[in-house]
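Everything on this sheet refers to the single structure shown next.
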Amino acid sequence: MVMKIRKAKSRIKLGLSCILALVCVIGIGVSAYRIIEWKIDSERTKTQTSEIEEIAEVTEKEDDKKTEVVKQKKPDPKTGPYWDYIKMKLIDVDFAELKKKNPETVSWISVSGSNINYPVVQSTNNDFYLNHTFDRSYNEAGWVFADFRNRVDGTDKNMIFYAHGRIDGTMFGTLRNVLTNGWLSNQSNFTVRTSNEHENALWQVFSVYHIPTTSDYIQTSFLSDAEFQKFTKKLINRSAYNFHTNVEGTDHIITLSTCYSETERVVLHAKLIKRSAKN
């Protein structure tokens, strides 16, 4: 009887070992597949980016009669970096060829001190470009896209752009590291430039932070300037760095949001300080 029990226990242990080994093999196989899939998506993204570089006409433009420096009720100190920022050239993009490749192209974004320099697309929802690239083909790397609720004509108070924080540095991959890679130690990094079919614009960063996933910063419409200023005060108070930048109720801002993990986000906000109409 004792021998039978021992044999039964041995068979159970052997069976459990086999199951455990099978689970490990399956886990390794799934991980290997995910790695291969990630690399394929990464290569497709790089190919897509190279193709865009060949057709995109992105130039720097001198200020002209159409250039408007946004008035501030409370100007920055005369020695502040703001006065250097407004001397920066705007970028100007010809969207003709880009829109032939993707009619949903609505803007271009370039963030100083980062690899972010891409055309921006916009769908009828905030899901499609999470796993589709610029040419609308399936790709888990996704693309940079504007919130579907936004009007990309310079009239919205909070213009929101999303993209994945890819570890290879593509999309908003370099944004996810702004709090850790020395980006904050260089004031020349604190600007964002955009171009769309209506205007070219320059934005000054006023808040950046790492936060558990929330939707409280992706509000696109406001009932009043007072409500908007209350909103931006919350963003400033949340910032991991004091940019010493005032945001008023009459201002317009841009928001960049990316994933840090499945449950966390890195967010950057900047206010409009200069614009130039294209029509």
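The values are calculated or read from the model by the stated rules, or taken from the named source; none is laboratory data. Worth saying up front: this structure is predicted, and the values here are computed from it rather than measured. Here Cβ is always computed from backbone atoms with ideal geometry, including for glycine, and neighbour counts include all displayed protein chains.
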**Asked** Val120 fails exactly one of the following numbered conditions: (1) within 12 Å of the chain's Cα centre (by Cα); (2) closer than 17 Å to Lys46 by Cβ. What is the number of that condition?
**Response** (2)
**Request:** Give the range 25-46 a look and list any residue that's at pLDDT 90 or above and either of a type in the set (S, T, N, Q) or on the phi > 0 side of the Ramachandran plot (or both), or say none.
**Result:** Thr45
**Prompt:** Filtering the range 136-153 down to residues that are assigned to a loop (DSSP other than H, G, I, E, B) and closer than 18 Å to Glu199 by Cβ, which residue is modelled with the lowest pLDDT?
**Reply:** Asp153
**Prompt:** Hey, any hits in the range 188-205 for a residue that's surrounded by fewer than 15 Cβ atoms within 10 Å (Cβ to Cβ) and without any contact (Cβ under 8 Å) to a residue 40 or more places away in the chain?
**Reply:** no
